[in-house]
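The values are calculated or read from the model by the stated rules, or taken from the named source; none is laboratory data. Keep in mind that what you see is a predicted model, and the values were worked out from it rather than measured. Here Cβ is always computed from backbone atoms with ideal geometry, including for glycine, and neighbour counts include all displayed protein chains.
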Amino acid sequence: MAREQRRRGPPRLGQVRFFGSVVAADSFREDAIAGLSLPQKTLPPKYFYDARGSRLFEAICRLKEYYPTRCELSLTRGHLGEIARFVGKNCTLVEYGSGDSVKSRLLIGALHPAAYVPVDISEDALRNASDRLRREFPWLSILAVNGDFSRPLKIPLLTRQGRRVIYFPGSTIGNLTPEEAHAFLRMTRGQVGPEGAMLVGVDLKKDANLLHAAYNDARGVTAAFNLNLLARINRELKGDFDLRRFRHYAFYNAALGRIEMHLVSLRRQSVNVGRYRFAFEAGETIHTENSCKYSVEEFRALAAEAGFRGAKVWLDRKGLFALHGLVAV
Ligand code: SAH
Ligand code: AVI
């Protein structure tokens with residue numbers, strides 16, 4: 001990545017430059033085999049987002065039961081002036097897990113950043129979003145990074161003058177365990193430096209029925225998103241999962257403050273992934289995702305341990321979702 005930047009020099013205005021791709025098939029194979037070998041079978045949620053998975057996630061965001069996207073969009077629209085004053089003009093705006101960059105469009109319009117650096121593991125989502133943004137904001141320099149933020153990653157432009165601001169919307173931070181979230185925030189604290197800031201979208205703790213509905217939608221889109229992980233293993237890793245023999249299962253684990261998504265084996269069976277064979281008991285699950293929910297205070301405490309002060313927090317009108325404005329301390 002750094003090599004490409006040196007060779008071509010600084011980005012020109014209105015240009016999209018693409019860096020990547022870093023998500024090797026080997027890491028997917030290694031992580032899948034390692035996760036399926038654990039006593040509680042597990043698959044990392046970052047592998048949901050192949051081209052089909054990204055489209056299914058965008059469909060989830062349009063579901064009536066899935067309130068987080070609507071709430072975060074409406075709170076961002078409602079407080080845009082204040083958010084822009086908090087961030088300031090002319091920053092370098094880095095977004096982790098940028099996906100379709102729909103919320104970022106609002107920020108870009110209000111902040112006029114010097115450059116926008118979307119980072120996403122899904123090449124399709126990243127390319128589509130960058131192309132749309134280039135048409136909408138022809139003056140903007142876009143440096144798109146196809147990468148995995150859970151591993152060391154070189155981000156272009158972080159040495160540039162001016163304020164560095166990291167945007168992490170969508171409560172994607174909830175898909176990390178609190179320990180992973182701490183490590184991630186430590187990394188971003190190092191990246192933004194002493195003058196930097198972060199905007200983090202965080203889903204709040206709430207009534208378990210509302211949470212349950214959001215992850216068990218009536219049309220089965222979330223189930224299709226979850227099962228697509230097995231379809232992806234079949235496609236890319238020579239797996240033979242029979243998708244009719246697994247069912248989506250999501251519940252709120254109140255003790256740990258998180259939604260857990262699993263895939264339940266409907267019978268005793270064995271499944272091959274390449275040259276590996278995995279045995280399933282009837283009812284045994286693969287744990288595919290956590291979606292941790294944080295009160296404002298809980299999240300501020302997590303951020304403080306990583307060197308950030310919770311300077312601002314904006315909520316939607318129903319108080320379901322929070323956008324935290326963090327500053328480096
Ligand atoms: N920011 C958007 C999308 C959130 S969905 C929104 O708020 O609606 C989560 C996004 O994070 C997806 O686009 C997914 O591809 C990306 N993602 C998940 N894990 C990732 C990882 N480890 N590294 C980089 N991107 C990741
Ligand atoms: C991307 N992430 C924040 C979503 C969430 O709510 O945890 C992923 C998702 N999983 C099921 N529905 C949505």
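Descriptive notes on the structure:
- In this structure, PHE184 does not qualify as buried (at least 23 other Cβ atoms within 10 Å of the Cβ), in contact with a Leu (Cβ under 9 Å, 6 or more places away or on another chain), in contact (Cβ under 8 Å) with a residue 24 or more places away in the chain and aromatic (Phe, Trp, Tyr).
- Unique match (being under 15 Å from GLY99 (Cβ atoms) and out of contact with any Cys (no Cβ under 6 Å at 6 or more places or on another chain)) among ARG160, ARG164, ARG151, ARG132: ARG132
- When the strands (runs of 3 or more DSSP E) confined to region 268-329 are screened for residues that are modelled with pLDDT of 95 or more and among the charged types (D, E, K, R), those reaching at least 2 such residues are found at 308-315.
- Selection within region 68-125 - crowded, with 22+ Cβ neighbours inside 10 Å and of a type in the set (Phe, Trp, Tyr): TYR96, TYR116
- Residue check for LYS205: more than 17 Å from VAL94 (Cβ to Cβ) and under 20 Å from the mean Cα position of the chain (by Cα): yes
- When region 66-88 is filtered for residues that are within 16 Å of ligand 2 (Cβ to nearest atom), in contact with a Leu (Cβ under 8 Å, 6 or more places away or on another chain) and under 26 Å from VAL145 (Cα atoms), the ones remaining, listed by number, are PRO68, GLU72, LEU73, THR76.
- SER150 falls short on exactly one of the conditions (1) among the hydroxyl-bearing types (Ser, Thr, Tyr); (2) within 12 Å of the chain's Cα centre (by Cα); (3) surrounded by 18 or more Cβ atoms within 10 Å (Cβ to Cβ), and that condition is (3).
- Going through (1) surrounded by fewer than 18 Cβ atoms within 10 Å (Cβ to Cβ); (2) under 15 Å from the mean Cα position of the chain (by Cα) one by one, LYS46 falls short only on (1).
- Every residue from region 93-103 that is more than 6 Å from ligand 1 (Cβ to nearest atom) and touching a Ser or Thr at 6+ places or on another chain (Cβ under 6 Å): GLU95
- Restricting region 216-261 to residues that are in a helix (DSSP H, G or I) and small (Gly, Ala, Ser) leaves a set whose member that is farthest from ligand 2 (Cβ to nearest atom) is ALA231.
- Checklist (1) free of Cβ contacts under 8 Å to residues at least 40 places away in the same chain; (2) among the charged types (D, E, K, R); (3) in contact with a Leu (Cβ under 8 Å, 6 or more places away or on another chain); (4) closer than 27 Å to ALA322 by Cβ applied to GLU260, failing item: (3)
- The set of residues in region 198-215 that are touching a residue at least 24 places away in the same chain (Cβ under 8 Å), over 23 Å from VAL165 (Cβ atoms) and assigned to a loop (DSSP other than H, G, I, E, B) comprises LYS205, LYS206, TYR215.
- Restricting region 40-65 to residues that are part of a helix (DSSP H, G or I) and among the basic types (Lys, Arg) leaves a set whose member that is nearest to PHE241 (Cα to Cα) is ARG52.
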